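Comments concern the structure below.
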C-alpha cells in the first residue's frame, strides 16, 4: 500500500524544457564545428577568411542593437523626459536577452517593463511605448517581406523545397494576418473586442479557458492601451517618420550579416538578394516557438542561402551567423539584462524579485 506521507515527484517542466534547448544548442554548435564540411574543415582548407568583413558583420549587428535602443529611447522620452541613453540601453539589452532565451521571444517585453520600472518609469508608460514599438516593428517587417516576395520571388523560389514552400506561405500569411489584426485593433476597437469576446466565449464553453470574464477585462485593457498608443503615435508625425526610418535601417543592418559573412569567404553576391533571403529566413524561423527559433533558423538559412554558399562553407556560415546574431547577443546582453537599479520601483503594479 502506498505511503500517504510519500511526496509526489513533480517534474520541473520549465527546467526540463530549458535543459533540452541547451542540449539542442550544444549539439548544433558541435555539429557545425566538427562535422564533415564544418568549421574545422574550413580552417584546414586554406581558405583566406577576411577578418575585416567578419568585423563588419559584428559591427552591423551592433548597429542593429544600437538602433533598437534608439527607438526605445524616443518612445519612452515622450512620457518620461528624464530617461537617459543608458536607461534605454539597459531596457534594450533586457529585451534582447529575454527574447533570445524564451519561447517565441515572449519574455522580452515583460522583462523590459520590469527593467524600466526599476528606473522609476510607470508600467503604463513603458507598456504604451513598447506597444508602439511593436506596432512599428511589425509593419516594417511585413513591408520588408512584401518587398522580398515581389522583388525576388522568382530567384528565391528556385531554391525552395516543399517544406520551405509550406513554411514560407504560412510565414507570409501570418505576417499579413498580424497586420490585419493590428489595423483592426488600432482603428476599430469595438469590432476587435466583439471578435475576441466571441472566441473567448467559445473557449469557455469548451472548458478550454477558465475565468472568461476576467480574461475579457484583461484583453480589453490591453486593447485600450494599444488603441490609445496608436492614436498618440499617429498624432506625432515627426516621431512617426523618424521611428519607421530608424526601424527600417535597423532591420537592414541585421539582414546584412549574412552578406558580410559571404564577403569574408570571398563570395561575390548581390546584396539586395541577400537582404531578401534573410528577410525570408527571419519570417520562417519566427514561426517556431523555440528560443531563437533553434533548429528552424539554421535549417531555413541553409535552404535560402544555398545559392551562395557551397557545401564546404554553408555550415561555417551558419555557425558564424548564429554566433554573431544569437549566441553573441546573449553573451553581451546578459550582464546589462541582470543589472539592478539602486532605486526601488515606483510603480506598485509591477512586482519584482529584488533578491
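Readers should treat all values here as calculations from the given coordinates under stated rules, not as data from a laboratory. Quantities reported herein were computed from a predicted structural model and do not represent experimental measurements. Heads up, the Cβs are rebuilt from the backbone with ideal geometry, glycines too, and the neighbour counts pull from every protein chain shown.
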Once the piece of chain linking residue 124 and residue 24 is laid out straight, how much longer is it, given 0.36 nm per residue of separation minus the C-alpha distance between them?
32.2 nm
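Could you state the orientation-averaged shadow area of the convex hull built on the Cα atoms of the range 16-337, in nm² to one decimal? Before the final figure, lay out the partial values.
Values: hull surface 72.8 nm².
Averaged projected area of the range 16-337's Cα convex hull equals 18.2 nm².
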Angle check, please: helix 328-337 long axis (alpha carbons) against the longest principal axis of the chain (alpha carbons), in degrees 0 to 90, nearest 10.
30
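Specify whether the C-alpha gyration tensor of the range 117-223 places it in the rounded, prolate or oblate class, a ≥ b ≥ c being the square roots of the eigenvalues: rounded for a/c under 1.5, otherwise prolate if a/b is larger than b/c and oblate if not. Walk me through the numbers on the way to the answer.
Numbers: a/c = 2.55, a/b = 1.51, b/c = 1.68.
Oblate, since a/c reaches 1.5 and b/c is not below a/b.
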At 7 Å along Cα-to-Cβ for each site, give me the label-to-label distance between residue 236 and residue 198 in nm.
3.6
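At R0 = 22 Å, how high is the FRET efficiency between residue 177 and residue 209 if r is their beta carbon distance? Nearest 0.05 is fine. Provide the component values of the computation, followed by the final result.
Values: r = 21 Å, r/R0 = 0.96.
So, using R0 = 22 Å, E works out to roughly 0.55.
Compute and list, largest first, the equivalent-ellipsoid semi-axes of the range 170-250 from the alpha carbon gyration tensor, each √(5λ) rounded to a whole angstrom.
Ellipsoid half-lengths, sorted descending, are 30, 16, 10 Å.
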In whole Å, what are the extents of the range 276-335 along the principal axes defined by its C-alpha atoms, from largest to smallest?
37, 24, 19
Relative to the compact globular guide of 2.2 N^0.38 Å, what is the alpha carbon radius of gyration of the range 30-161, as a ratio?
1.40
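Compute the length gained on full extension between residue 218 and residue 84: take 0.36 nm times their separation in residues and subtract their Cα-Cα distance, giving the result in nm to one decimal.
Values: separation 134, 0.36 × 134 = 48.24 nm, distance 3.13 nm.
Result: 45.1 nm gained on full extension.
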Percent RCO, i.e. relative contact order, over the chain, from Cα pairs under 8 Å lying at least 6 residues apart:
33
Give me the angle, in degrees from 0 to 90, between the Cα long axis of helix 51-77 and the longest principal axis of the Cα atoms of the chain, rounded to the nearest 10.
10
Row for the range 43-113, column shape: gyration tensor on C-alpha, a ≥ b ≥ c, rounded if a/c < 1.5 i.e. under 1.5, prolate if a/b over b/c, else oblate; value oblate
Degrees, to the nearest 10: 189-205 long Cα axis against longest axis of the chain:
90
How many angstrom separate the Cα center of the range 212-277 from the Cα center of the range 78-116?
15
Checking 189, 216, 231 against a Gaussian network model of the chain (alpha-carbon springs below 10 Å), the top fluctuating residue turns out to be 216
